[in-house]
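Here's the structure, in structure tokens; my notes come after.
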Amino acid sequence: MIQALAITKDIRFCKNLMNEIHVHNSNINIFAISTNKKETVTLFRNFEPDIIFFDKRVLKLYDLKFFEKYHNITILISPDTHERLLDKDTFQEIHAITGNNDVEERKRKVIQELEYIGYEFKYNGTHFLVDTILEMYVQYNNNMVDNLQSDIYPIVAKKYNKTVYNVKTSIGKATDCMYFNSNADKIIDYFNFPEDMKPTPKQVVFTIINKILE
């Protein structure tokens, strides 16, 4: 969730801002509203927002140099017209920020799932598998692919400057080690298998994707 700060003296600004965010992007939380410089400085002692929505009408009351040391904060200033607080360019910036946040969150979930079933990250194959799952997630949702070796492994191989064969065999090795070191009951339950059996990389990929989509 992207954490945002609104700086304004007009409650209508906040109301309209929240309405527009709700319509266009539900992944932003306005955690605080500041009405003056003192409140802003106090807030920054405890919180560092991802985005600041600045009401242009109060901008002259602030010295923007105060924010320069916070390199990871995006400052979005409202346009002159208040018919719409957030224009098309502003939403493109927001979507870029939230998109990156979504990717990191998906990656975190994938790693968590792989660790749960027993994959070890000392193997290159496990790292290749993370990227395989994330890439398949994107491509599969766009109805573009369903074949790992021909559609996904080449993308991963290019990223790591490896061959497709190396990616495939490394993932296979990591999967073998996971299976031999894992609890059989956990594998059966996780993959909904009728009996103890080693999952294929493709089964691992799609099982985790389905869990992420739940």
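Quick look at the values:
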item	result
Every residue from region 20-49 that is open to solvent by 30 Å² or more (accessible area, probe 1.4 Å), among the polar types (S, T, N, Q) and at pLDDT below 80	SER26, ASN27
Some residue of region 122-136 being open to solvent by less than 90 Å² (accessible area, probe 1.4 Å), more than 23 Å from the chain's Cα centre (by Cα) and free of Cβ contacts under 8 Å to residues at least 60 places away in the same chain	yes
Residues being open to solvent by 30 Å² or more (accessible area, probe 1.4 Å) and either closer than 19 Å to ALA174 by Cα or in a helix (DSSP H, G or I) (or both) - total across region 184-206	13
Identity of the residue in region 38-67, within 22 Å of ASN16 (Cα to Cα) and charged (D, E, K, R), that ends up nearest to the chain's Cα centre (by Cα)	ASP50
Conditions (1) touching a residue at least 12 places away in the same chain (Cβ under 8 Å); (2) under 27 Å from MET1 (Cα atoms): number failed by LYS168	(2)
Residue count, region 157-183 (criterion: open to solvent by less than 40 Å² (accessible area, probe 1.4 Å) and either under 16 Å from TYR119 (Cβ atoms) or not in a helix (DSSP H, G or I) (or both))	9
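The values are calculated or read from the model by the stated rules, or taken from the named source; none is laboratory data. If you're wondering where the values come from, they're calculated on a predicted model, not measured in any experiment. As a convention, Cβ positions derive from the backbone with ideal geometry for all residues, glycine included, and neighbour counts pool all protein chains shown. What goes into the accessible areas is simple: the full protein's heavy atoms, side chains included, and nothing from ligands, DNA or RNA. Shrake-Rupley method; radii C 1.70, N 1.55, O 1.52, S 1.80 Å.
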